[in-house]
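Visitor: The structure is given below, and queries will be raised subsequently.
Values quoted throughout were computed directly from the atomic coordinates according to the rules given, and no laboratory measurement underlies them. Everything quoted here is computed from the prediction, not taken from an experiment. Every residue, glycine as well, gets a Cβ built from its backbone with ideal geometry; the counts of neighbours run over all protein chains shown.
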Amino acid sequence: MQIGPVRTKNRFYVVPHATAMGMTALEEMIAFRKVRAEGGWGVVCLEETMIHETSDHAPLPDPRMYDDKYIEPLSRVVAAVKEHGALAGVELAHAGASGPAIYHREHPLSPTTKYPHYFYNPIAARSIDRQDILDFRRWYRDAAIRAKKAGFDIVYVYCAHNLSLLQDFLDSGVNKRNDEYGGVFENRVRLLRETLSDVKDAVGDTCAVAVRFAVEERRRASSITALEDGRRVVEALADVPDLWDVNVSDWAWDSGSSRFFEEGQQEPFIDFVKKVTSKPVVGVGRFTSPDAMVSQIKRGVLDLIGAARPSISDPFLPNKIDEGRQDDIRECIGCNACTAEVMTSSRIRCTQNPSAGEEHVSGWHPEKVPAAHDPNASILVVGGGPAGLEAAHTLAKRGYQVSIADAGSEWGGRLVRERRLPRLSAWGRVVDYRVGQLQTMPNVNMYLDSPLGADDIAGFEADHVIVATGAKWRGGGVGRHHDEPIPGQDLPHVLTPEDILDDRLPQSGSVVVYDEDYYYMAAVVADRLAKAGCKVTYVTTASDPSPWTHNTLEMVHVINSMNEAGISIVVGTSIASISEGSVKVNRLLDGADSEIAADAVVLVTGQVSEEGLYHQLVEKREAGLIRSVERIGDCLGAGQIAQATYDGRKAGMRFGTTTK
């Protein structure tokens, strides 16, 4: 497809997305982007790349283009992408009021004085004057020239996600100016129009100029909606850029998790764009189904299928579709483990694709693995959850003789039950992909309903044993706050997630769900109980409900869903004791005690590894009865599913090597 002066080889487009690599992890960035081009994507873009130090997101690591010294390193990213025939794009950005002012200590910039959207920094963005506007336009031009020198094919102007000075100018709720850049719509769109013109002049006829624009602001009241100013912007600038990259704002809606958003959820907001512009349109929607992708094109919603998370989960998605290998696609589960690492300034990771972010550091490839050092060597994997399945798959791809056994009647470990909880069905793809792959491999034996003891395993005479027996939710209430069991924890109406997962629910009445896990389980349990007709109170020692979900961009949706379900939320509070009919709670800020009625209590305070078998096998190894043994996944230490699949990949890759 033609995009301005450049042409992409297909309609698969990796949109700009964060990686938490930036300029400090250049080799990691090069390897990460290169493998996506290798996988067949026609365009591979870099994330927000800052045009000036006043926009720097440090400590969040983003690329930079505000000095000539960044041209050479970013040209290496471009070369890696182009090596496989893809176009390289870069998203030039200024964060405006959302710049945290940590790295450079300058005031953030805004059309009018305001505090940052995303950060708690006690510093206000200053209102920019006419000279600042001229400087801003010059920064964009200079950055665009550097991007051209670095070899980029597509140069972006960024106006999305509540992370853009240009977006702030468009929003009448933020822009309170009374000059030619504020007030009426024509004035508020002026700076975006001028910036697009400046960038086009800067790059000439060798680079395409794209605009990334959020047509609808969904977090808060705004004039930018698909029915109002969002549409007016596209109409006013319809044929100015060479490409429209359209989405919704902010990030929690644009990259909404599968717990709250279906595939293609942005279509109702962006489907007007192609009707008002003759230029190509790209958009996202966590597209994993080839049929859904084709439908977007055939129905005239999009010209190019944009992807961030699906390209992380399976960098080779385009090639697999082209080769008719749809069953081999490693579909994104929408858990947003990727965004969590970005939010914590860590290298990007993926639950489905444990090689993501490890391409350079560990030398891992999503499709290629080193050959077995001895193809006759046999490995027994005990436990068929995410870690065990990934280890078995990796080892089998390498050419080893692999047997995997699970005591249950279904593959999946923790996900056998978790995928049946409200909003978690998509997570089952972790199991479905790996089981589907293993079932086609002639060097794999799979055994369900096969509980194995240490003596059974010793008699198996495998060259190596991997124990992946998972973890169980603990009782007693011991967790982050309580080092000892909560008084009353042994009463018959006190439950754990194990009970809920096995459908042992309170029949009715009031239920307190107590969260010291801090991720998804307590909120999902509360949702399950509310749907069953219980009156639920969610209590947590954290200052926010499900606090880790801030990093997975879900917290606002968790809170909204709790409110819609009628679940009461009590934060910053611990359970002091449990009695029949109530719990005594303690407010952590001031120590005040109170009581909450409770016919049942569910303690979600942590998991305990099922490690007994592993320690028995260590004794067998020391006695010379088995050759080698290791443990992985939740059996090693309970955590996210992304950690389990990483452990499985690591175990599969290091067997037969000296790597630790």
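Visitor: For Thr49, which sequence-distant residues (separation of 5 or more, or a different chain) have an amide H within less than 5 Å of its own amide H, given hydrogens modelled in the peptide plane?
Guide: Glu91, Leu92, Ala93
Visitor: Sort Leu196, Leu170, Leu92 so that the residue with the fewest other Cβ atoms within 10 Å of its own Cβ comes first and the one with the most comes last. Don't skip to the end; give the middle numbers.
Guide: Details: Leu196 21, Leu170 27, Leu92 30.
Listing Leu196, Leu170, Leu92 from fewest to most nearby Cβ atoms yields Leu196, Leu170, Leu92.
Visitor: From the C-alpha gyration tensor of region 2-344, pull out the three semi-axes of the equivalent ellipsoid (sqrt of 5λ each), sorted largest to smallest, in whole Å. Don't jump to the answer; show the numbers that get you there.
Guide: Working: eigenvalues 168, 99, 77 Å².
Here the semi-axes work out to 29, 22, 20 Å.
Visitor: From the square roots a ≥ b ≥ c of the eigenvalues of the alpha-carbon gyration tensor of region 397-508, which class results: rounded (a/c under 1.5), prolate (a/b over b/c), or oblate?
Guide: On the way: a/c = 2.73, a/b = 1.75, b/c = 1.56.
Judged from the Cα gyration tensor, region 397-508 comes out prolate (a/c at least 1.5, a/b above b/c).
Visitor: Starting from the amide H of Asn445, placed 1.01 Å from N in the peptide plane, find each other amide H under 5 Å away whose residue is 5 or more places distant or on another chain.
Guide: Hits under the 5 Å cutoff: Val402, Ser403, Ile404.
Visitor: Assigning unit charges at the beta carbon (Lys, Arg +1; Asp, Glu -1) and nothing else, what dipole magnitude in debye, to the nearest 20, does the chain show about its Cα centre? Walk me through the numbers before you get to the answer.
Guide: Values: 72 positive and 91 negative charges, 293 e Å.
In total the dipole reaches around 1400 debye.
Visitor: Hey, which lysines would be in cross-link range of Lys535, C-alpha to C-alpha under 19 Å, not counting anything within fewer than 8 residues on its own chain?
Guide: Lys584
Visitor: Does the chain come out rounded, prolate or oblate by the C-alpha gyration tensor, with a ≥ b ≥ c the root eigenvalues, rounded set by a/c under 1.5 and, if not, prolate when a/b is larger than b/c and oblate if not? Numbers along the way, then the final one.
Guide: On the way: a/c = 2.13, a/b = 1.36, b/c = 1.57.
It comes out oblate by the Cα gyration axes.
Visitor: By counting other Cβ atoms within 10 Å of each Cβ, how are Val294, Val78 ranked from fewest to most?
Guide: On the way: Val294 13, Val78 22.
Sorted ascending by nearby Cβ count, the order is Val294, Val78.
Visitor: In whole Hz and in residue order, list the ³J(HN,Hα) couplings for region 304-321 that follow from phi through the Karplus curve 6.51 cos²θ - 1.76 cosθ + 1.60, θ = phi - 60°; x for Gly and Pro.
Guide: Each residue's phi maps through the Karplus curve to give 10, 8, x, 8, 10, 4, x, 6, 6, 5, 9, x, 9, 3, x, 4, 5, 5 Hz.
Visitor: Would you mind telling me the antiparallel percentage of the DSSP bridges in region 2-344, rounded to 5?
Guide: On the way: 3 of 40 bridges.
The answer is about 10 percent antiparallel.
Visitor: Let me know the shape class of region 476-607, please: from the alpha-carbon gyration tensor, a ≥ b ≥ c as square roots of the eigenvalues, rounded when a/c is under 1.5, otherwise prolate if a/b is greater than b/c, or oblate.
Guide: Numbers: a/c = 1.41, a/b = 1.09, b/c = 1.29.
Rounded.
Visitor: Below 8 Å between Cα atoms, with a sequence gap of 6+, how large is the relative contact order for the chain in percent? Write out the running numbers ahead of the final one.
Guide: Details: 1524 pairs, mean separation 72.3, N = 660.
Answer for the chain is 11 percent.
Visitor: For a test of understanding, tell me how many lysine pairs in region 2-344 have Cα atoms under 18 Å apart, given they are 8 or more places apart or on different chains.
Guide: Close lysine pairs found across region 2-344: 17.
Visitor: Something else about it: Using Cα centres only, tell me the gap between region 451-469 and region 567-635 in whole Å.
Guide: A separation of 28 Å, based on Cα centres.
Visitor: Give me the distance between the Cα centres of region 187-206 and region 329-355, rounded to whole Å.
Guide: Spelled out, the Cα-based centre of one part sits 34 Å from the other.
Visitor: Report, to one decimal in Å, the Kirkwood hydrodynamic radius for region 3-122 based on all distinct Cα pairs.
Guide: Working: mean 1/r = 0.0656 Å⁻¹.
Evaluated on region 3-122, it is 15.2 Å.
Visitor: Starting with the fewest neighbours, write out Arg417, Arg299 ranked by other beta-carbon atoms found within 10 Å of each beta-carbon. Don't jump to the answer; show the numbers that get you there.
Guide: Details: Arg417 18, Arg299 11.
Least to most surrounded, the residues fall as Arg299, Arg417.
Visitor: Right, something else. Take every Cα pair under 8 Å in region 154-207 that's 6+ residues apart, average their separations, divide by the length, and report that relative contact order as a whole percent. Can you show the working numbers first?
Guide: Numbers: 44 pairs, mean separation 14.8, N = 54.
In percent, rounded to a whole number, it is 27.
Visitor: How high is the relative contact order of region 476-607, in percent, with contacts defined as C-alpha pairs under 8 Å that are six or more residues apart?
Guide: Rounded, it is 33 percent for region 476-607.
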